[in-house]
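A short worksheet on the structure shown next.
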Amino acid sequence: MILVTGSTGHVGRELVARCAEAGRPVRALVRKAPADALPDSVEAVVGDLDRPELLRPALAGVRGVFLLPGYADMPGVLAEIGRAGVGHVVLLSSVAAADGVMENAITRMMIESETAVRGSGVPWTILRPSGFMSNTFQWAGGLAVSDVVEAEFPDVPVAMIDPYDIAAVAAHVLLDEAHFGLTHALSGPEPLRPADRVDILARTLGRDLRFRGLSDEEARARMEGAVPPQYIDAFFRYYADGELDDSIVRPTVRDLLGRAPRTFQQWATAHAAAFS
Ligand SMILES: NC(=O)c1ccc[n+]([C@@H]2O[C@H](COP(=O)([O-])OP(=O)(O)OC[C@H]3O[C@@H](n4cnc5c(N)ncnc54)[C@H](OP(=O)(O)O)[C@@H]3O)[C@@H](O)[C@H]2O)c1
């Protein structure tokens, strides 16, 4: 049995689907029932990663766990995973963890999650993806009422990855001893600036979309109130100060899966309905 945390999220939903398609027994951790988005064959169990002591029913009989980072007591979560006799945990982290900058709140959250996994005594694999193509869903509300996309950090290229591919890699490595103790940095196939994504979306949707880059002052003003201050600072450290280079294209998806990572065009085609 594989337990997928974040099963209603972008990566977890894809992982549940891949496991179900392959006929692998899969259990989805959900915060509240019913989970209508899950395939019929998938068992849903209610649990909260911020309450490790309540995870025991979800972990009973589980061999592999796909784990999201950044919850209140990651060592406590890992202690429950170890106590349940789980044989492998695959942690979703971020490329940012490689930089080791503990002053950055997002980087620190990833590093602390990785440290908890590495120190748990449970065999582990860590995935460090680049920024997700699904971050583009942030534009969906605006595109419902306008043909203009306004986005922060217009000059910053990111080798965005489709959550489908992160899930495919997770499914590939889960319970495979060959990947125990390994950290895989993952990216999509090409670096894209926000304007590049708008062009691809425009072609995919058959719409005449235009792009306007926000100044750093505008971007900060929009984030205030919507994003916790420490995360606003983290994003500005990454993308305005250049602390993170997320434009690097990595061969890992192809090396592991024997095929190219999915393009933003493929992602946009698969999710076009969300932008209509
Ligand atoms: N976006 C990026 O560019 C990026 C890059 C690198 C790493 N990451 C990391 O990737 C992770 C997953 O991203 P995603 O896009 O797949 O997730 P997502 O779509 O944002 O969804 C988050 C998932 O976590 C669940 N969740 C939230 N709080 C929980 C709790 N206390 N206990 C149990 N489950 C909880 C949510 O469940 P509900 O349905 O109940 O809310 C949902 O299934 C994030 O942790 C992020 O830090 C993101």
Would you pick out the residues in region 93-125 that are out of contact with any Phe, Trp or Tyr (no Cβ under 8 Å at 6 or more places or on another chain), open to solvent by less than 40 Å² (accessible area, probe 1.4 Å), of a type in the set (Gly, Ala, Ser) and farther than 22 Å from Leu59 by Cα?
Ser94, Ala97
Given the conditions (1) touching a residue at least 60 places away in the same chain (Cβ under 8 Å); (2) surrounded by fewer than 14 Cβ atoms within 10 Å (Cβ to Cβ), report the number of the one that Gly12 does not fulfil.
(2)
Counting only residues that are within 11 Å of the ligand (Cβ to nearest atom), give me the strands (runs of 3 or more DSSP E) lying completely in region 73-152 with at least 1 of them.
88-92, 124-129
Scanning region 66-92 for residues that are touching a residue at least 60 places away in the same chain (Cβ under 8 Å) and under 14 Å from Ser113 (Cα atoms), the one surrounded by the fewest Cβ atoms within 10 Å (Cβ to Cβ) turns out to be Leu68
I'd like the full set of residues that are open to solvent by 70 Å² or more (accessible area, probe 1.4 Å) and either among the charged types (D, E, K, R) or in a strand (DSSP E or B) (or both), limited to region 25-64.
Arg31, Lys32, Asp36, Asp40, Glu43, Val46, Asp50, Arg51, Glu53, Arg56, Arg63
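Residue under question is Val42, and the condition is that it be away from the ligand (no atom under 13 Å from the Cβ) and modelled with pLDDT under 95; does it hold? I'd like the intermediate steps shown before the answer.
Numbers: away from the ligand (no atom under 13 Å from the Cβ): yes; modelled with pLDDT under 95: yes.
So Val42 fits the description; yes.
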For Arg18, are the conditions met, namely being open to solvent by 20 Å² or more (accessible area, probe 1.4 Å), away from the ligand (no atom under 12 Å from the Cβ) and in a strand (DSSP E or B)?
no
I need a count of the residues in region 203-240 that are among the small types (Gly, Ala, Ser), open to solvent by 40 Å² or more (accessible area, probe 1.4 Å) and part of a helix (DSSP H, G or I).
1
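The values are calculated or read from the model by the stated rules, or taken from the named source; none is laboratory data. Every value quoted in this text rests on a predicted model; they were computed, and no experiment measured them. Ideal geometry is used to build each Cβ from the backbone, glycine not excepted, and the neighbour counts take in all protein chains shown. The protein model used for the area step is the full one, side chains on, heavy atoms only, and it has no ligands, DNA or RNA in it. Shrake-Rupley method; radii C 1.70, N 1.55, O 1.52, S 1.80 Å.
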